[in-house]
Amino acid sequence: MRNPKKWLAAAFIVSVLVGAAALVDSVATSRIAAQERGPGDHWRFHDGHWSMWNAADRRWYYTDGNHWFFHDGNAWRLYRFDAKFGRGTAFVHGDYRVPREEVKIVAPRHEVFLVR
């Protein structure tokens, strides 16, 4: 050992790289596990839009800023707050009212993220 400072620096760099690799592996493993078990309520950016998964209803919700929609597996439908989403104390309706049946609302057309 002619130069202990170089050996110490090399050991430090190697330990930092090993630690970073372990951290990246841990994060990747936890993400895969979350997708496999079906995560709880969460937001996801997919197909150019943010949608919210509600675990209690097991469906996606989306708002265009004016109205709320849910995805029925085939298309987006106007949400009339007839399921569990939006009934809790953490959700604030404000002065939003679901439009009457005869009011024509254009539903979004983007797809939803499917967990397989």
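The values are calculated or read from the model by the stated rules, or taken from the named source; none is laboratory data. Everything quoted here is computed from the prediction, not taken from an experiment. Using ideal geometry, Cβ is built from the backbone for each residue, glycine included, and neighbour counts are taken over all protein chains shown.
Within the stretch 4-45, being modelled with pLDDT under 85 and among the polar types (S, T, N, Q) holds for S26, T29, S30, Q35. All of H93, H110 fail the test of being under 16 Å from R44 (Cα atoms) and not β-branched (V, I, T), apart from H110. Against the conditions (1) exposed (fewer than 13 other Cβ atoms within 10 Å of the Cβ); (2) of a type in the set (K, R); (3) touching a residue at least 40 places away in the same chain (Cβ under 8 Å), R87 satisfies every one except (3).
Of the set (1) of a type in the set (A, V, I, L, M, F, W, C); (2) in a strand (DSSP E or B); (3) within 22 Å of E102 (Cβ to Cβ), all apply to W50 but (3).
Contact map, the stretch 96-112: residues that are not assigned by TED's automatic domain parsing to the domain that holds R44 paired with residues that are assigned to a loop (DSSP other than H, G, I, E, B) and modelled with pLDDT under 90, Cβ distance under 9 Å, separation 6+ or inter-chain. No pairs are found. Taking R109, is it modelled with pLDDT of 90 or more and not β-branched (V, I, T)? No; evaluated as a whole, the condition is false for this residue. Only one residue in G48, G94, G86 is at positive phi, at pLDDT 90 or above and not acidic (D, E). Which one? Going through G48, G94, G86 in turn, the sole match is G48.
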